[in-house]
Amino acid sequence: MQRWQGLPASDGIAIGPAWIFRPRQIQVQRRHVQDADAEWHRLETAVAQALAQLDVLAVQARAAVGEEQAAIFEAHALFLSDEELLAMLRQAIFSEHVNAEAAVEQSFEHYAALLLSLDNEYFQARAQDVRDVKRRLLRILSGCESEGAVSPSHPAVILAEDLTPSDTVQFERNKILGLCTVRGGPTSHTAILARALGVPAIVSAPLALDAIPTNATVILDGDTGEVTLNPTEEAMAQARRRQRQWLARRTKAISTAHEQAVTMDGHSVEVVANVGRIEDVQQALDMGAEGVGLFRTEFLYLDRSAMPTEEEQIQVYRQVFELLDGRPVVVRTLDIGGDKPAPYLDLAPEPNPFLGWRAIRMMDQRPDVLQAQLRALLIAAGRTDADLRIMLPLVSRLDEVRGARALLEDVRESLVKTGTPIPLRLQFGMMVETPAAALLAHHFADEVDFFSIGTNDLTQYTLAVDRTNERVAHLASPYHPAVLRLIAMTIAAAHERGKWVGLCGEFASDVLAVPILLGLGLDEFSMAPAAIPRVKEAIRHWHLPRCQEIARNVLEFPTAEAVEDYLMENMQ
């Protein structure tokens, strides 16, 4: 028996066969090139292909584990447009006349070295992201698209020198018993993704990977950071006992996840799921979702050369509605902009696509896109008796809501005239993602049936922080009192007019935030399916008057840190 001490990154006990992840190594040969223009064109083509791959990974991560994890790959895409990096690449190709592979190797390694030289664990961990993007580009340039064995053929404890976000998100979830890396820290994306997936994980474990036979028995203790190879019978018995206790706690949360989320004094709220693909709906129901609070429809429009037909949309929506079997489903209309590849929509690259021509703002010039989506939704819902709730993204002006509502009414009337069945249960709402929407919530509430607060973007726009920018992302805290006040203002304005409010940002899945959101009067919590059991469990441990007291108090604090410290002190 051998033991190593690493750092705990995600709790739980994993016991099973070892599987060593060995990424394909790409040998970069430095060559002198005569035609620098041709070499630069090779690199531009590879960058475009890498951006397309990263977009797909972001969609997969958003659907599987949540918005925060998807932002990892959005941040990777930003490296490929970083002016300093591009300048280094141009210098290498046009001044030094080296091949694209060598230019990528030296430029990205230089950037990674700069991050590693900073006396900050967070920035040092981001060097791994830079190398992840470098490896992607090198694979594309060399024609080695596959990583080789990207996932074990059976459930296993995955051991690796290091794991990039691209590695981790592509493992088959049902094959991961636990993750353990020789390098990395608790703030690495391996740790973040492991926690989101709900698997035990350890980082910085000084393993000698070459000396560990594949399929050797491993115990991975995500609570203590200890890794045990070839355990004795006694060590195995202790580990199995602790694993049973951990699984019992998790099973209890899952077993009660299908029950309502009700506080100790009888106040109930809805807990629903964020989904981005048809496949996610069943997982959401298995985790106890009472419906869908955010159905992202972008996957229908990405990675294709033409807009989806009406019938294609109807078939997808119908499948979702049939799976939900009458449960409420909030469908967000197309939220796409210059940061997403959809050439048929004339989405030109923009300096700041998050503030650009996107989402509901496209309606003025492309009303046909929204009209087609609304028709397909009404037809599909009418065929399945769905509880359909249509939601507009990125609203900041009353005209946007009024225009979209008029378009919806036109579509509804045209279907009625042709005798097409339409849903009997239909609501029209909007997302509150901009400070403008929150500050004018009392006006917007007269135009819609409900609000859904998108705290990821609301935080970004309120604090002027790009959450995909690694240098400032840590400043984007929804616990900032300014963000909390906008949430409180939105809920109060809606309730004054008899409208309900949901929240579909990552904040809804944060157990620490539960008492604030309950105290502010939130009606619906929407989150990644895996988070539903633990959030429901957390809600059941609070009394509403106590939550209201906590909410009043935190609104008076000056900083996000003060809010979080207060909540930690008052956790039940």
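Odds and ends about this structure:
- Test result for L159, touching a strand residue (DSSP E or B) at 6+ places or on another chain (Cβ under 6 Å), under 16 Å from A9 (Cα atoms) and modelled with pLDDT of 90 or more: yes
- The residues on offer are V448, V432, V401, and the sole one that is under 18 Å from L355 (Cβ atoms), in contact (Cβ under 8 Å) with a residue 12 or more places away in the chain, outside the structural domain of L114 (by TED's automatic domain parsing) and crowded, with 17+ Cβ neighbours inside 10 Å is V432.
- Residues (charged (D, E, K, R) and either farther than 16 Å from V199 by Cα or touching an Asp or Glu at 6+ places or on another chain (Cβ under 8 Å) (or both)) located in region 241-278: R241, R242, K252, E259, D265, E270, R277
- All helices (runs of 4 or more DSSP H) inside region 148-258 with 3 or more residues being loosely packed, with under 14 Cβ neighbours inside 10 Å: 233-255
- Pairs with Cβ under 6 Å, 6+ apart, first in region 23-42 and closer than 30 Å to S151 by Cα, second assigned to a loop (DSSP other than H, G, I, E, B): P23/E147; R24/E147; R24/G148
- Some residue of region 455-475 being in a helix (DSSP H, G or I), among the aromatic types (F, W, Y) and more than 20 Å from A253 (Cβ to Cβ): yes
- Candidate set: region 393-431, residues that are touching a Gly at 6+ places or on another chain (Cβ under 6 Å) and assigned to a loop (DSSP other than H, G, I, E, B); chosen: the one nearest to A372 (Cα to Cα): I422
- From Y317, Y301, residue being at pLDDT below 95, under 24 Å from the mean Cα position of the chain (by Cα), within 17 Å of L426 (Cβ to Cβ) and not small (G, A, S): Y317
- Residues in region 259-272 that are among the aliphatic types (A, V, I, L, M) and either buried (at least 17 other Cβ atoms within 10 Å of the Cβ) or free of Cβ contacts under 8 Å to residues at least 24 places away in the same chain (or both): A261, V269, V271, V272.
- Test: residue in region 490-504 that is under 29 Å from A75 (Cα atoms) and in a helix (DSSP H, G or I): no
The values are calculated or read from the model by the stated rules, or taken from the named source; none is laboratory data. Computed from a predicted model, the values in this text were never measured in an experiment. Every residue, glycine as well, gets a Cβ built from its backbone with ideal geometry; the counts of neighbours run over all protein chains shown.
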